[in-house]
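The values are calculated or read from the model by the stated rules, or taken from the named source; none is laboratory data. Computed from a predicted structure; not experimentally measured. FYI the Cβ positions are ideal-geometry reconstructions off the backbone, even for glycines, and counts take in every protein chain you see. Each accessible area value is taken on the protein alone, full model and side chains, heavy atoms only, with ligands, DNA and RNA left out. Shrake-Rupley method; radii C 1.70, N 1.55, O 1.52, S 1.80 Å.
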Amino acid sequence: MKKHLVFIGDSLTEWYDWQERFPAYRVMNLGISGETVEELLDRRDMLRDRIDAPDVLFLMTGINNILSERNDIPVPYRELVRNLTTWFKGAKVVVQSLLPVDMPWISNDTIRTINYSLSHIAIEHDAEYLDVYSHFVDENGKPRPGLLSDDGVHLASKGYEVWAKAVEEYLRGKMTNAG
């Protein structure tokens with residue numbers, strides 16, 4: 001039986017064909033464009049009802065909060081991770097870092113600070129943390145050219161390749177050890 005991967009998040013998650021990228025797995029994409037952390041938290045009961053026997057849940061959400069200059073996402077994020085790790089005890093819950101943006105009013109320092117909080121939330125709740133952010137920035141901390149789309153937030157095809165490769169490396173390391 002194929003291992004079951006679930007991707008949860010906003011448009012960054014929704015707009016990629018994870019099943020096509022990972023054909024050896026059974027994939028569920030539960031991304032919703034425009035969704036904030038709080039809105040995702042509001043649909044957590046639907047998530048619990050829809051997700052059946054996951055092996056790995058990948059979570060990336062929060063960029064819509066930051067775009068609205070609402071950076072206080074650790075509290076609802078913590079609740080969401082607590083729920084997922086409690087409901088799906090046999091699964092690995094993977095908190096993925098937020099990605100950098102190229103927007104004049106948003107500092108990537110803010111995103112790095114939030115990612116630091118997310119890494120600690122993962123530790124608190126016995127989840128895993130996957131740093132995707134570092135794959136998207138150069139040695140000066142600037143977004144690498146060609147990975148973000150023209151809007152400075154969404155991903156270009158190359159950006160999705162980079163993200164999917166980070167997920168693939170995680171799976172290769174974790175799933176081969178898990179059997």
Could you please let me know if residue 26 is in contact with a His (Cβ under 6 Å, 6 or more places away or on another chain), at pLDDT 95 or above and either over 18 Å from residue 163 (Cβ atoms) or open to solvent by 10 Å² or more (accessible area, probe 1.4 Å) (or both)?
-> yes
A careful count of residues in the stretch 135-151 that are farther than 17 Å from residue 62 by Cβ and assigned to a helix (DSSP H, G or I) gives 1
Sort out which residues of the stretch 79-127 are outside any helix (DSSP H, G or I), open to solvent by 50 Å² or more (accessible area, probe 1.4 Å) and more than 23 Å from residue 151 (Cβ to Cβ), and write them in order of number.
-> 89, 90, 92, 126
Has the stretch 154-163 got any residue that is among the basic types (Lys, Arg) and closer than 19 Å to residue 12 by Cα?
-> yes
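Against the definition (crowded, with 19+ Cβ neighbours inside 10 Å and either out of contact with any helix residue (DSSP H, G or I) (no Cβ under 9 Å at 6 or more places or on another chain) or at pLDDT below 95 (or both)), how does residue 171 come out, yes or no?
It is true that residue 171 is crowded, with 19+ Cβ neighbours inside 10 Å and either out of contact with any helix residue (DSSP H, G or I) (no Cβ under 9 Å at 6 or more places or on another chain) or at pLDDT below 95 (or both).
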Determine the pairs where a residue that is open to solvent by less than 10 Å² (accessible area, probe 1.4 Å), located within the stretch 46-63, has a partner that is of a type in the set (S, T, N, Q) with Cβ atoms under 7 Å apart, the partner being 6 or more residues away or on another chain.
-> 58/96; 59/96; 60/13; 60/96
Those residues that are touching a residue at least 60 places away in the same chain (Cβ under 8 Å), in contact with a strand residue (DSSP E or B) (Cβ under 9 Å, 6 or more places away or on another chain) and within 17 Å of residue 104 (Cα to Cα), I need them from the stretch 132-154; list them, please.
-> 154
Total residues in the stretch 79-107, condition at pLDDT below 95 and either of a type in the set (Phe, Trp, Tyr) or farther than 29 Å from residue 48 by Cβ (or both) | 5
